[in-house]
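So the structure is just underneath, and the comments pick up after that.
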Amino acid sequence: MELDFIQKLVKPAGTKIVLLVMDGLGGIPRESDGLTELEAANTPNLDMLAKKGICGLQQPVGPGITPGSGPGHLGVFGYNPVKYQVGRGVLAALGIGFDLQSDDIAARGNFCTIDENGNIMDRRAGRISTEENQELCSLLRNIKIPGVEIFVETVKEHRFLIVLRGEKLSGDLTDTDPQEVGRKPLQPKGLTTESEKTVKLIEQFLEQTRNILADHHPANMVLLRGFSEKPNWPTYEEVFGIKSAAIAAYPMYRGVAKLIGMNVLETGATIEEEFSTLEDNWNDSDFFYLHVKKTDSAGEDGDFDRKVSIIEKTDKEIPRLLDLNPDVIIVTGDHSTPSLMKAHSWHPVPALLYSKNCRPDKVDSFGERACITGGLGPRFPAVDMIPLALANAKRIEKFGA
Ligand code: ZN
């Protein structure tokens with residue numbers, strides 16, 4: 001469903017919605033007992049919500065597509081991730097909590113090694129330490145180009161972020177990273193006439209960078225890619241007519257929430273602290289997104305038992321959520337991260353929707369196999385969840401007479 005269609009139908013109500021996202025929630029069965037992490041976890045509270053509510057498996061982007069956390073979240077937030085794409089540079093900025101302003105241009109940078117002829121020997125400069133990266137970034141901050149403000153920020157090891165801030169900039173330019181060794185870095189090329197100014201600025205930046213880094217083997221040059229502008233998307237308030245707040249400890253998720261206009265709340269790093277933040281701010285918003293990161297980290301590490309214990313820890317906090325008496329609760333993930341695969345995957349993600357107005361199905365526990373049989377369906381689009389939540393919260397008007 002298109003956002004502008006929903007936008008015309010939303011109406012105000014004094015109801016509250018909570019979207020609990022356990023990152024990388026979905027899994028696949030382990031050999032010993034054939035259970036996934038969510039099925040193996042002891043989750044009496046989530047099971048109760050599944051029993052009273054309606055369940056299913058959702059696809060954040062589409063069939064067979066393995067989502068990154070950015071697109072995965074946008075899908076769950078109700079924004080079609082194929083239409084609302086975030087550039088790589090912008091994602092890098094969000095990942096380190098850089099406060100992008102509208103019209104800023106961001107790109108990912110790699111420190112690399114070039115030989116005396118200027119050909120790339122190593123695209124990652126031997127994966128220099130993050131400390132060395134910080135020293136080199138502080139050198140690059142000395143670069144001054146009239147008419148533009150330049151930010152150079154360490155990400156990790158050989159990776160950094162560059163942001164240009166100024167008038168009439170454009171992110172429509174090509175990468176300088178040829179993606180292979182033995183070649184010279186590419187010259188950036190403008191893809192539109194609006195990007196000519198930005199191309200010239202980047203050329204000047206690269207020229208000065210080359211001089212500054214000349215004696216800093218192995219990190220004696222940089223490669224830039226994923227030039228992109230901060231997107232100017234309709235906000236949650238504009239589309240869904242709802243005052244929203246985000247509770248997430250990690251910068252990347254705070255950043256994605258900020259892109260769609262959510263009010264990002266200060267919170268602690270633990271699940272308990274995140275639920276305290278929810279309690280403390282309960283009266284100030286209609287919609288709360290609460291993010292649990294460590295389910296995904298455990299999955300990426302291939303640590304089945306740790307992922308189980310994070311799910312159980314989250315389950316223990318559910319009574320605190322229920323005490324707040326929300327009108328609608330959604331519990332889901334932004335993609336699957338099966339411990340057995342040690343990576344994100346394309347598998348549909350368990351989802352439950354609980355409200356006082358929903359029509360329950362036969363699902364009585366929260367797990368992959370149970371959700372396949374649920375009323376929301378075995379492979380429904382993630383973007384459907386927010387309209388359903390709004391309807392259950394009596395925030396959508398009748399369509400037509
Ligand atoms: Zn994720």
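Over the chain, with a single point scatterer placed on each C-alpha, what log10 of the ratio I(q)/I(0) does the Debye formula yield at q = 0.09 1/Å?
Scattering profile of the chain, log10 relative to I(0): -0.59.
Going by Cα centres, segment 186-253 and segment 117-146 are how many Å apart?
Taking the Cα centre of segment 117-146 as reference, the centre of segment 186-253 is 16 Å away.
Quick check on the chain: helices-only [θ] at 222 nm, where DSSP H runs of length 4 and up contribute -39,500 (n - 2.57) each and the sum goes over total residues. Nearest 500, please.
When only DSSP H runs of four or more count, the value is -9500 deg cm²/dmol.
More than 11 angstrom separation, counting every C-alpha pair in segment 293-333; what % is that?
So the pairs more than 11 Å apart make up 67 percent of the total in segment 293-333.
Using amide H atoms built 1.01 Å from N in the peptide plane, name the residues 5+ places from C112, or on other chains, whose amide H lies under 5 Å from its own.
It is N220, M221, V222, L223, by chain and number.
Nearest 0.05, what FRET efficiency do K11 and R359 give at R0 = 22 Å with Cβ-Cβ as r?
Efficiency, rounded to the nearest 0.05: 0.55.
So what is the relative contact order for segment 95-142, in percent, with contacts set as C-alpha pairs under 8 Å and at least six apart?
21 percent
Taking segment 260-327 as the region of interest, what is the percent of Cα-Cα pairs per 5 angstrom bin, listed from the shortest bin to the one with the maximum distance?
Values per bin, smallest distances first: 3, 15, 26, 21, 17, 11, 6, 1.
Does segment 1-116 come out rounded, prolate or oblate by the C-alpha gyration tensor, with a ≥ b ≥ c the root eigenvalues, rounded set by a/c under 1.5 and, if not, prolate when a/b is larger than b/c and oblate if not?
oblate
For the pair K52 and R369, how long in nm is the line joining their label points, each one 7 Å along Cα→Cβ?
2.6 nm
Test of understanding: what is the full-extension gain from Q101 to R210, defined as 0.36 nm times their sequence separation minus their Cα-Cα distance?
Result for the pair: 36.5 nm of gain on full extension.
Can you tell me which aspartates and glutamates have their Cα less than 20 Å from the Cα of K394? Leave out same-chain residues fewer than eight positions away.
E2, D4, E237, E238, D284, D286, D327, D384
For segment 156-288, treating each Cα as an identical point scatterer without solvent, what Debye log10 I(q)/I(0) comes out at q = 0.20 1/Å?
-1.10
Scan the chain and note any complete DSSP helix (H) whose C-alpha atoms cover at least 24 Å along its axis and whose Kyte-Doolittle average is -1.0 or more.
Helix filter hits for the chain: 196-213, 304-323.
Over all alpha-carbon pairs in segment 91-228, figure out the percentage whose distance exceeds 18 Å.
51 percent
Multiply the residue gap between D280 and D33 by 0.36 nm, knock off their C-alpha separation, and tell me the result in nm, one decimal place.
Gain on extension, D280 to D33, equals 84.8 nm.
For each pair in K258/K398; K200/K230; K16/K83; K11/K356; K313/K342; K243/K316, compute the distance between the two Cα atoms and list the pairs where it is over 24 Å.
K258/K398; K16/K83; K243/K316, as the Cα separations exceed 24 Å there.
Just so you know, all these numbers are worked out from the coordinates, no wet-lab data involved. Predicted model, so just to flag it, every value in this text is computed and none were measured. Glycine also receives a Cβ, built like all others from the backbone with ideal geometry; neighbour counts cover every protein chain displayed.
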